[in-house]
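The values are calculated or read from the model by the stated rules, or taken from the named source; none is laboratory data. Quick caveat: nothing in here was measured; it's all calculated off a predicted structure. With ideal geometry, Cβ positions are generated from the backbone for all residues, glycine too; neighbour counts draw on all protein chains shown. Note: accessible area is taken over every heavy atom of the protein model, side chains too, but ligands, DNA and RNA are not part of it. Shrake-Rupley method; radii C 1.70, N 1.55, O 1.52, S 1.80 Å.
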Amino acid sequence: VEGITPMVDGGRFAAKRVAGDRVVVEADCFTDGHDLLAARLLWRREDETRWREEPMAAIGNDRWRGSFGVDAPGSYVYTVTAWVDPFLSWRHDLARRVDADDIRIAALIGAELLETTAGRAEHDADGKMLNAWAGRLRSTEEADALKQIGLDEALKALAERCPDRRFAYTFPAELPLVVDRERARFSTWYELFPRSTAGNPGAHGTFRDCEARLEYVAAMGFDVLYLPPVHPVGRERRKGKNNALIAAPDDVGSPWAIGAAEGGHQALHPQLGTLDDFRRLVVRAGEVGLELALDIAFQCAPDHPYVKEHPQWFRWRPDGTVQYAENPPKKYQDIFPFNFESDDWPGLWQELKSVFEFWIGEGVKIFRVDNPHTKAFPFWEWAITELKRDHPDLIFLAEAFTRPKVMHRLAKLGYTQSYTYFAWRNTKWELTDYFTELAHGPGREYFRPNVWPNTPDILTEYLQVGGRPAFMARLALAATLAASYGVYGPAYELLECQPREPGSEEYLDSEKYQVRHWDLGREDSLQAFIARVNKVRRENPALQSDWSLRFFPIDNESIICYVKSTEDLDNVILTVVNLDPYHAQTGWIELDLATLDVDPHAPYQMHELLTGARYLWSGARNFVRLDPAGAQAQIFRLRRRVRTERDFDYFL
């Protein structure tokens, strides 16, 4: 038994699925000689002791396939066992025999085999039936009748219930599987700064102000509301507006500079409100269909209580100062990183785990983790495993814009979802290559992408110069290429595109360093467009997973075309996006009608879901036109032609 899939790094790490999935497992199972095999898929929850079994079927070239269903989040294990099956081998040999004497001798061998099999039967009724079949093989001399008895499907089913597994070989590793809730696969995130939600310009927002924003976010179709750190902000070395090294007296500092006299990672910024206010926000969010996600940033402002209480958790330089965080050319003078190689690493690990536990106790089940690649890998594997053992419905999003292998390692260590390079993939080739890798590469077993066209740290050149069409294109791409995506708002829907300086991806007047007031009622807002796109996502299961993604050719490098579908092809969504934010573009799409289950000789309807328009297409080659002045993207649902019993043609 070898070549099992899914298998991540030889079973060192877990594959991932969500509750409700059927987990399809394949393996190469073979033996010497011509005997036939039987194979079983073994699986159980990690906390169970007894294996459950599912049959595996041969699919050619010694490859076998089976599946099992997982109905609840948690940790599972599975493996494969196989054995030479004497009955199946005998049956296969009998089917090939034509000489009457050979058949009679084979029947006697089969009778002995069935009598031995009867001795293994767990139920008396099965044993009696097997002996009865053996008697029939001994009771006649007529070769055709004997052959018919031996090849009877009912006999085969009975014998398979009592297999001879004395010499079974079981793959030596128990392969791990993590099963998450559905939101791990399909989620739509909206990020906002609570301190910028006040109704009056210049005022510091509160959790109560944030409550008033919930309906606005929910109406756009988001299901996760993500808040940057909500803790006290350090006063020492506080950054000023636009990342100034010297802060003015009224500057609020960066929320990621965590900790002050009021407390640290388990405290709330006093201007945001009390713990009761936070609890109320969690409840109110749930009432409108939003789940609250919190940012976890394991770093400290110089005046964080940890710095004085646990100086051993930080790196001290020869001059008696603590090394602040750097990512050249970026410098973060207002935060201290933890020293995960400290002699007191066990104490540090327990304390950091307790931060998660505190907020879990306040009703938070989703965490976006800041820069996890700069913290110790063993810590994440330990902490996430421990936390999910008690709370299997937790979701962890890794904000790690770093090297590919590091990003993948974090996903293997337990992160549920991962940020991606989407923001910097702009051309048709780049998008096709990258998302083909995400949807069909080996990493898909454990790496779940969550794509963001912008973040508080990332304002790409494409958004800076492309205007409204660029924002529409990137939103449509994010929402249809990936099952999970997010935007940093209201900067996104209000088309915020001014960089701090030329060549920078930092926003001018960034919310990271100051309170902003947003005019949500602006006429040019993308609010309605985002709401429509998210409605399409909610109503079409094809867009709620990643693995079905396929790109189709179109004879224009400025237009990208791709399809997602459900396994039964009942829901097929085709998206075309104009990547040029300045000019109208046209092109001819080449559809693979066979993979879409479309009759090449009959017309079919393409229902454009953003506008409601319906088009009658025929054949594989069809024309599209996308104009930045109107439609920057089109999202079609394929509706096949059918005939009713009244002989009236219409489209589903």
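Quick notes on this structure:
- Where a residue in the range 529-543 is within 19 Å of residue 565 (Cβ to Cβ) and its partner, wherever it lies, is among the charged types (D, E, K, R) and in a helix (DSSP H, G or I), with Cβ under 6 Å and at least six apart: 543/537
- Residue 164 vs. criteria within 22 Å of residue 37 (Cβ to Cβ), in contact with a helix residue (DSSP H, G or I) (Cβ under 9 Å, 6 or more places away or on another chain) and of a type outside the set (Gly, Ala, Ser): yes
- Restricting attention to the range 587-616, the residues being part of a loop (DSSP other than H, G, I, E, B) and either open to solvent by 40 Å² or more (accessible area, probe 1.4 Å) or free of Cβ contacts under 8 Å to residues at least 40 places away in the same chain (or both) number 14.
- Hey, residue 411 farther than 16 Å from residue 450 by Cα and open to solvent by less than 50 Å² (accessible area, probe 1.4 Å) or not: no
A quick yes/no check of all residues on (1) surrounded by fewer than 17 Cβ atoms within 10 Å (Cβ to Cβ); (2) touching a residue at least 40 places away in the same chain (Cβ under 8 Å); (3) not in a helix (DSSP H, G or I):
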| site | (1), (2), (3) |
| --- | --- |
| 114 | no, yes, no |
| 121 | no, yes, yes |
| 126 | no, no, no |
| 130 | no, no, no |
| 135 | yes, no, no |
| 148 | yes, no, no |
| 157 | yes, no, no |
| 177 | no, yes, yes |
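- Hits in the range 179-200 (condition: part of a loop (DSSP other than H, G, I, E, B) and modelled with pLDDT of 95 or more): 181, 185, 186, 192, 193, 197, 198
- Single residue of the range 398-421 satisfying the filter (in contact with a Phe, Trp or Tyr (Cβ under 7 Å, 6 or more places away or on another chain) and hydrophobic (A, V, I, L, M, F, W, C)) that is farthest from residue 471 (Cα to Cα): 413
- You will find that of 404, 453, 449, the residue that is under 14 Å from the mean Cα position of the chain (by Cα), closer than 30 Å to residue 13 by Cβ and not aromatic (Phe, Trp, Tyr) is 449 and no other.
- Candidates are the residues of the range 414-431 that are buried (at least 16 other Cβ atoms within 10 Å of the Cβ) and polar (S, T, N, Q); the one that is nearest to residue 11 (Cα to Cα) is 416.
- Residue in the range 246-257 that is more than 27 Å from residue 348 (Cβ to Cβ), in contact (Cβ under 8 Å) with a residue 12 or more places away in the chain and over 34 Å from the mean Cα position of the chain (by Cα) present: yes
Here's the yes/no breakdown for (1) under 16 Å from residue 489 (Cβ atoms); (2) open to solvent by 10 Å² or more (accessible area, probe 1.4 Å):
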residue	(1), (2)
203	no, yes
209	yes, yes
214	yes, no
219	yes, yes
223	yes, yes
231	no, no
235	no, yes
241	no, yes
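- Residues of the range 544-568 that turn out to be in contact (Cβ under 8 Å) with a residue 24 or more places away in the chain and farther than 22 Å from residue 478 by Cα, as a count: 1
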